[in-house]
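J.: Structure provided below as structure tokens; questions to follow.
The values are calculated or read from the model by the stated rules, or taken from the named source; none is laboratory data. Model, not experiment: these values are computed from the prediction. Because the Cβ atoms are built from the backbone with ideal geometry, glycine has one as well, and the counts that use them run over all protein chains shown.
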Amino acid sequence: MSQIPRTKENLKKCLCMKCPTYTFMCKMKNMPRNMVAMMRDIGKVDRMEAMFCAFGKSKCITDEKGCICMTCALFREYNLDKAYYCLGGKAPKM
Ligand code: SF4
Ligand code: SF4
């Protein structure tokens with residue numbers, strides 16, 4: 001398993017925004033942060049409330065309501081094997 005590169009190309013593949021666990025409230029609350037991050041080089045951003053397998057735990061999401069990571073292209077590309085990266089933290093380094 002490899003660490004997920006924090007690139008805009010990878011971010012486009014992330015399905016977290018469509019996930020039931022990522023609540024409407026959290027999406028609204030984090031929209032400004034995510035917008036600012038997307039205008040920058042996301043490889044240099046410490047935290048984003050998206051692509052949790054690369055950026056680590058959410059500071060907003062608290063409850064498991066289903067995880068769709070296993071249907072994400074990055075899940076296959078990087079041989080991920082877990083769910084709920086928003087709650088459990090990012091995919092580990094090799
Ligand atoms: S594997 Fe999950 S956390 Fe990672 S980019 Fe895909 S949907 Fe987002
Ligand atoms: S890591 Fe999984 S559970 Fe969390 S928001 Fe992304 S798809 Fe949903």
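J.: Can you list residue pairs whose Cβ atoms sit under 7 Å apart, with the first residue in region 47-67 being within 12 Å of Cys16 (Cβ to Cβ) and more than 12 Å from ligand 1 (Cβ to nearest atom) and the second being outside any loop (DSSP other than H, G, I, E, B) and modelled with pLDDT of 95 or more? Count only pairs 6 or more apart in sequence or on different chains.
T.: Hits for this filter: Cys60/Cys26; Cys60/Lys29; Cys60/Asn30.
J.: What are the pairs with Cβ atoms under 6 angstrom where one residue, in region 1-29, is closer than 20 Å to Gly66 by Cα and the other, located anywhere, is within 10 Å of ligand 2 (Cβ to nearest atom) and assigned to a helix (DSSP H, G or I)? Sequence gap at least six, or different chains.
T.: As it stands, the answer is Tyr22/Cys16, since those pairs meet every condition given.
J.: Which count do you get for residues in region 1-20 that are assigned to a helix (DSSP H, G or I) and away from ligand 2 (no atom under 15 Å from the Cβ)?
T.: Here the count works out to 2.
J.: Sticking with this structure for a sec: Which one of the conditions (1) touching a residue at least 12 places away in the same chain (Cβ under 8 Å); (2) in a helix (DSSP H, G or I); (3) of a type in the set (D, E, K, R); (4) near ligand 1 (Cβ under 10 Å from one of its atoms) does Lys90 fail to meet, given that it meets all the rest?
T.: (2)
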